[in-house]
Structures are given as structure tokens and as C-alpha cells.
Amino acid sequence: MLARYATRFPVVEINSSFYRPHKPGTYQRWAASVPPTFRFSVKLPRAISHDSGLVGVGALLDRFLAETGALGTALGGLLLQLPPSLVLDARSASSFFRALRRRSDVPLVCEPRHASWFTAHADALLLRYGVSRAAADPPRVSAAATPGDGSTWQYWRWHGAPRMYYSNYEDASLSALAAQVRQQRTGNRAPWVIFDNTAHGFAIANALRLQEVAADA
């Protein structure tokens, strides 16, 4: 299935790593099944983001990075999704990002979901550690609809709206997204758009339609 997927799309997000670890051999097999230019983003485990709230996770980081490192050059970056209840604590967040950066320089994008993460102070903290902020739909606050200011890895995660994970996106929404990606794009790194509305199978169809809409623009 992955090899077939990779004939139509250049990237994929591994979400299952949020729920359970994967052996390095599994990541190696995935990397071997796609073209050399294909890239993966891998979601950090909930044990780090949700259960531990980013605190005291050095051993968990070591394990996760050792596993995902098996992707080799196919590893495009890491995704950190934070729980809606996690209020920004600058000290613990800085400690976490500093610990991660001591271990890896892999691109990292963060999808925070508490309003405290959508301030100039929060943006400055993320940029200090080279962390981009993802755009999300539906956005929990208005600023969440677009990538963070100065983000070098522009990343959209569309979860389905109005019903998350279930709703289909119509052409009007996809056209608006394509226009936003064009307008927001900066630098040489290609932006990523991930559809997470998989419950009724709309994600692939929406991604294919977005490709068509973007090509026609």
C-alpha cells in the first residue's frame, strides 16, 4: 500500500508512532519501499507529549530517535502534537527543545492546541530552537489556521471540518488552501499538506484533488 501511495504523493506522515513504538527494521522496510526522493514525517509518541507533558523524557527521546533514525535520508522531519490542555511553560518547553536539539537537528514542526502557544513570545521560543509551528484545521484559535511566523518548514494538518476526522473538504476549501500555501510559502523547502480526515476515507481523495487544484492555479 505504501509503495502504491508513493507513486502519487511525495510525502507521508506516520501517525501510528504516536500510539506505539516501531522497530528500526520496520522503518527500514518503509524507507526501502519508496523512491529515493520520498520523505516521511514521524509523530512523536504520546508518552512524550501527552503523558509526560514534555518533562523528564530524555530516555523516551533517545528510544524514539534511535527508531526513526532507521529511515535514514527518507526522514523528512518530526511532528510534535501537543494536547489541548498543555499550557505553555517556557522553562519546561525550552528544556525539552534543548534536549531534543542536543540529540538531533532533524526538522521539527509543532502543532500546539492551547491558546497560550499562539503569542509572539511563544513564536520566539519555537524559533530559538528551530521549531516550526503547524497550521491546523479546524483551528482552535484564529492564529492556528496559518503556519507560525518565521517557520522554515511550513506544514498544514487538516483534520476534517466541521466534524474532525470524518468530514470531506469541498473544492472551495481546497482552492482556498492551495491559495494560502502559495501565499505563505517561503524559502526553498517545499511546504507539506497532510489530510487527517481518514475515518471515512476522504484524506486520499482530498489530497489528490488538492494536487489538481494547485496545478490548475
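Each value in this text was obtained by applying a stated rule to the coordinates, not by laboratory testing. Small disclaimer: the values here were computed from a predicted structure and weren't measured. No Cβ is skipped: glycine too gets one built from the backbone with ideal geometry, and neighbour counts run over all protein chains shown.
For segment 1-108, the set of chymotrypsin sites (Phe, Trp or Tyr not before Pro) satisfying both a DSSP loop assignment and a count of at most 12 other C-beta atoms within 10 Å is given as Tyr19.
At a Förster distance of 41 Å, what's the computed FRET efficiency of Ala66 paired with Ala145, Cβ-Cβ distance as r, to 0.05? Write out the running numbers ahead of the final one.
Working: r = 35 Å, r/R0 = 0.86.
Computed FRET efficiency for Ala66 and Ala145 comes out at 0.70.
Overall, the chain carries a charge dipole of about 560 debye about its Cα centre when +1 sits on the Cβ of Lys and Arg and -1 on the Cβ of Asp and Glu, all other atoms neutral.
In this rough spin-label picture, where each label sits 7 Å from Cα along the Cβ direction, the Val55-Ile204 distance is 4.3 nm.
Once the mean 1/r over all distinct Cα pairs of the chain is inverted, what Kirkwood radius in angstroms do you read off? It would help to have the intermediate numbers written out before the result.
On the way: mean 1/r = 0.0562 Å⁻¹.
Value: 17.8 Å, from the Cα pair sum.
Counting only helical runs of four or more DSSP H residues, what would the 222 nm mean residue ellipticity of the chain come to if each run contributes -39,500 (n - 2.57) and the total is spread over all its residues? Could you put the intermediate results ahead of the total?
On the way: 7 runs with 76 residues, N = 217.
Roughly -10500 deg cm²/dmol at 222 nm, from the helical runs in the chain.
In a reduced charge model with +1 at each Lys and Arg Cβ and -1 at each Asp and Glu Cβ, segment 1-125 shows a dipole moment near 320 debye about its Cα centre. The mean sequence distance of close C-alpha pairs (under 8 Å, at least 6 residues apart), as a share of the length of the chain, puts its relative contact order at 13 percent.
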